[in-house]
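**Q** Structure below; questions to follow.
The values are calculated or read from the model by the stated rules, or taken from the named source; none is laboratory data. Note that this is a predicted model, so its numbers are computed, not measured. Here the Cβ positions follow ideal geometry from the backbone for every residue, glycine too, while neighbour counts run over all protein chains shown. The area values use the complete protein model at the heavy-atom level, side chains included, leaving out ligands, DNA and RNA. Shrake-Rupley method; radii C 1.70, N 1.55, O 1.52, S 1.80 Å.
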Amino acid sequence: MSDKKKKPQKLKARLPRGFGDRSPADIRATDEMVAKIKAVYERYGFDPVETPMFEYTDALGKFLPDSDRPNEGVFSLTDDDEQWMSLRYDLTAPLARHVAENFNDIQLPYRTYRAGWVFRNEKPGPGRFRQFMQFDADTVGAPGVQADAEMCMMMADVMEALGIARGDYVIRVNNRKVLDGVLEAIGLGGDDNAEKRLTVLRAIDKLDKFGVGGVQQLLGAGRKDESGDFTKGAGLDEEQQQRLVDFIVAAQHGGTETFFADLEATKIASSSRGLEGLEELKDMSTLFYSAQYGGDRIRIDPSCVRGLEYYTGPVFEAELLAEIPNEKGEIVRFGSVGGGGRYDGLVSRFMGQPVPATGFSIGVSRLMTALKNLGKLGQDQVAAPVLVTVMDRDIEALGRYQRFTQELRNAGIRAEMFQGNPKNFGNQLKYADRRDCPIAIIQGGDEREQGVVQIKDLIEGKRASQGIEDNAAWREARVAQVTVPESELVAKVREMLAAQDEDRAKDRMGVA
């Protein structure tokens, strides 16, 4: 039997399912988008706040599973005193905890925004991740629907700040009280029908995806999709189905005023809660038109449901109407990219007293994808750094190369000194080519004695090489390169970069 030790097995590099690495382009596009959204929030008088990624599990909301080990929907662990903690599921529940914990120190109404990662312990799929970014804005302590109306107007302003034209988006608005009133009117009121009401709301929420016919199937026995999978329906009778279908399509045909009148006269006449919601919708509609946010920007839409159970009044959703190419080049309707509503009960869970609140959340990753595919993000590419090459490796020479690099950086020019193995100078230029570096700085022993540097225009070099088929022709053509005194390095680099910028601008405009 051999005593020879087994060679340790090489660790396999693998990404957990439902998570993703982010490229420099994606990170910069996200930063660009978030900055534009933040500017709108700040203009409305909102201030930033940040909450941790972990919360005690019981603080995250009643929609979490009731079990000994919370592992459905959330990622959880126990701390050293055996209390369950979970990665936040959204940004709203942590805000509710923050407000309750600091209630005596904050100024109401509390107007705040925050961006951050949220985590869902759910089965991943195409476009469905376990970690993604949201960007929320909330007003806590404002009971009037003017706060909800302001949220909708701010959502519209965000869309336009991101370059989405009117007609290519809409903010859809409804009220959960109205929905409750309609459900009461068809016999689905009371605690006994709570589960059935949720099934109905989920069915209505599928209108854009399945159309009226598909929704009616989900309100009845159920719906079978193209793959043969069957989704059990709410089990409503034909009359109940028809009354709900009439409700969700009413505003699309008769206009807002006709829709309001029909609601009040027939569909919710017997429900005090429904009539209360209707008055709130009327007030919001008045506020929209008074502030000149017409139906081309914000629209009353009875099919707007919003999924979370904690919404108690107005609900709203930002939807992209433009047909946009997805990652595969297919033209699709992106649909919802954000939404929210009034959640008066969430903070109250901690307080034992009513604390009104409203807010909305933007799905950053989804909206960023749409904007990039529309050409609204990532068009201004970050220039690659100027490369200071390393010819000599003695400490004095390295000190000079580092000084050149710092002088460029101090002048606001992106620059790096080559840090790889400098033995083969050709590999440094290959590195510069792969990095798309615009310029290379070269100083060998002869140049150092003369106090000069060579500046190679790598962009012009690539152009000169087009159509040159062999190395001899390349050497004869000679790429763009100049020699200047060390003292003129920064000025010459700046001049060459400006010329490259001008050439790129001409290329974009199609100028010869």
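**Q** Can you give me the accessible area per residue for the stretch 337-449, using a 1.4 Å probe, in Å²?
**A** Working: 5310 Å² over 113 residues.
Counting only protein heavy atoms, the per-residue value for the stretch 337-449 is 47 Å².
**Q** Along each of the three principal axes of the Cα atoms of the stretch 393-434, give the extent in whole Å, ordering the values from largest to smallest.
**A** Reported extents, whole Å, longest axis first: 29, 26, 11.
**Q** Let me ask something additional. Carbon and sulfur atoms: what percent of the 1.4 Å accessible area of the stretch 68-219 do they account for?
**A** Numbers: 2870 of 6450 Å².
Using a 1.4 Å probe with all protein chains present, the stretch 68-219 comes out at 45 percent carbon and sulfur.
**Q** Next up: How much length would be gained if the chain were fully extended between Phe210 and Glu101, taking 0.36 nm per residue of separation minus their Cα-Cα distance, in nm to one decimal? Provide the component values of the computation, followed by the final result.
**A** Numbers: separation 109, 0.36 × 109 = 39.24 nm, distance 4.31 nm.
That works out to 34.9 nm of additional length.
**Q** In angstroms, what radius of gyration and Dmax does the chain have, counting Cα atoms only?
**A** That works out to 30.2, 95 Å for Rg and Dmax.
**Q** Residues of the stretch 100-124 with amide nitrogen under 13 Å from the 7 Å Cα-to-Cβ point of Arg22?
**A** Of the residues in the stretch 100-124, 115-118 have backbone N under 13 Å from the label point off Arg22.
**Q** Obtain the radius of gyration and the Kirkwood radius of the stretch 262-414 from its C-alpha atoms and give Rg over Rh. Show your work: numbers first, answer last.
**A** Numbers: Rg = 27.1 Å, Rh = 21.1 Å.
Reported Rg/Rh (Cα atoms, Kirkwood Rh): 1.28.
**Q** Next up: Given Cβ point charges of +1 (Lys, Arg) and -1 (Asp, Glu) and nothing else, what value in debye, to the nearest 20, does the dipole of the chain about its Cα centre take? Spell out each step's value before the answer.
**A** Working: 69 positive and 81 negative charges, 392 e Å.
That gives a dipole near 1880 debye.
**Q** Could you do me a favour and compute the accessible area per residue for the stretch 122-187, 1.4 Å probe, result in Å²?
**A** It amounts to 31 Å² per residue over the stretch 122-187.
**Q** To continue, here is another question. Compute the FRET efficiency between Arg409 and Trp117 as 1/(1 + (r/R0)^6), taking r as their Cβ-Cβ distance and R0 = 35 Å, and round to the nearest 0.05. Walk me through the numbers before you get to the answer.
**A** Numbers: r = 31 Å, r/R0 = 0.89.
Approximately 0.65, to the nearest 0.05.
**Q** State which entries of Lys376/Lys506; Lys12/Lys423; Lys38/Lys123 exceed 27 angstrom in Cα-Cα distance in the structure shown.
**A** Details: Lys376/Lys506 20 Å; Lys12/Lys423 32 Å; Lys38/Lys123 31 Å.
As for pairs spanning more than 27 Å Cα to Cα, those are Lys12/Lys423; Lys38/Lys123.
**Q** Past 18 Å, Cα to Cα: identify those pairs from Lys36/Lys372; Lys177/Lys209; Lys372/Lys430, in the order given.
**A** On the way: Lys36/Lys372 14 Å; Lys177/Lys209 24 Å; Lys372/Lys430 30 Å.
Long pairs (Cα-Cα over 18 Å): Lys177/Lys209; Lys372/Lys430.
**Q** Then there is this: Looking at the stretch 7-120, what % of the alpha carbon pairs are farther apart than 20 Å? Provide the component values of the computation, followed by the final result.
**A** Values: 3821 of 6441 pairs.
In whole percent, the long-distance tail amounts to 59.
**Q** Which residue, chosen from Gly167, Gln131, Val182, occupies the Cα position most advanced towards the positive end of the dipole of the stretch 126-239, where the dipole is computed from +1 (Lys, Arg) and -1 (Asp, Glu) charges on Cβ about the Cα centre?
**A** Highest projection toward the positive end goes to Gln131.
**Q** Show me the ranking of peptides 393-405, 290-302, 311-323 by mean Cβ neighbours inside 10 Å, starting with the highest.
**A** Numbers: 393-405: 13.8, 290-302: 16.5, 311-323: 21.5.
Answer by packing, highest mean first, reads 311-323, 290-302, 393-405.
**Q** To continue, here is another question. Using a 1.4 angstrom probe on heavy atoms only, work out the carbon and sulfur share of the accessible area of the stretch 257-370 in %. Before the final figure, lay out the partial values.
**A** Values: 2330 of 4680 Å².
Of the solvent-accessible surface of the stretch 257-370, carbon and sulfur hold 50 percent.
**Q** Okay, moving on. If you build the convex hull over the alpha carbons only and average its shadow over all orientations, what do you get for the stretch 107-191? Give it in nm² to one decimal. Before the final figure, lay out the partial values.
**A** Numbers: hull surface 39.0 nm².
In nm², the orientation-averaged hull projection of the stretch 107-191 is 9.7.
**Q** Can you give the local net charge around Val482? Use residues other than it whose beta-carbon is closer than 11 angstrom to its beta-carbon, Lys and Arg +1, Asp and Glu -1. Each step should come with its number before you reach the end.
**A** Details: positive: Lys456, Lys492; negative: Asp457, Glu460, Glu488, Glu495.
Taking every other residue near Val482 into account, the sum is -2.
**Q** Then there's this: Using mean Cβ contacts within 10 Å as the protection proxy, how do 46-53, 276-283 order, highest first?
**A** Numbers: 46-53: 14.0, 276-283: 19.2.
Those peptides, ordered most packed to least, come out 276-283, 46-53.
**Q** Also, I was wondering about something else. Grab the DSSP H runs of the chain that are 4 residues or longer, score each as -39,500 (n - 2.57), total them, divide by all residues and round the 222 nm result to the nearest 500 deg cm²/dmol. Mind dumping the intermediate values first?
**A** Working: 16 runs with 211 residues, N = 512.
Computed mean residue ellipticity for the chain: -13000 deg cm²/dmol.
**Q** Within 11 Å, Cβ to Cβ, of Ala142, how many net charges do the neighbouring residues add up to if Lys/Arg are +1 and Asp/Glu are -1?
**A** On the way: positive: Arg111, Arg342; negative: Asp138, Asp148, Glu150, Asp344.
Net local charge, Ala142 excluded: -2.
**Q** Further question on the same structure: What does the net charge come to around Pro124 if you take all other residues with beta carbon closer than 12 Å to its beta carbon, with K and R at +1 and D and E at -1? Kindly include the intermediate steps, with their values, before the conclusion.
**A** Details: positive: Arg17, Arg120, Lys123, Arg128, Arg130; negative: Glu122.
Net local charge, Pro124 excluded: +4.
**Q** Calculate how many DSSP beta bridges within the chain are antiparallel, expressed in % of all such bridges and rounded to the nearest 5.
**A** Taking every DSSP beta bridge within the chain, about 85 percent pair in antiparallel fashion.
**Q** Using 0.36 nm per residue, how much length does the chain from Val484 to Leu321 gain when fully extended, once their Cα-Cα distance is taken away? It would help to have the intermediate numbers written out before the result.
**A** Values: separation 163, 0.36 × 163 = 58.68 nm, distance 5.57 nm.
Result for the pair: 53.1 nm of gain on full extension.
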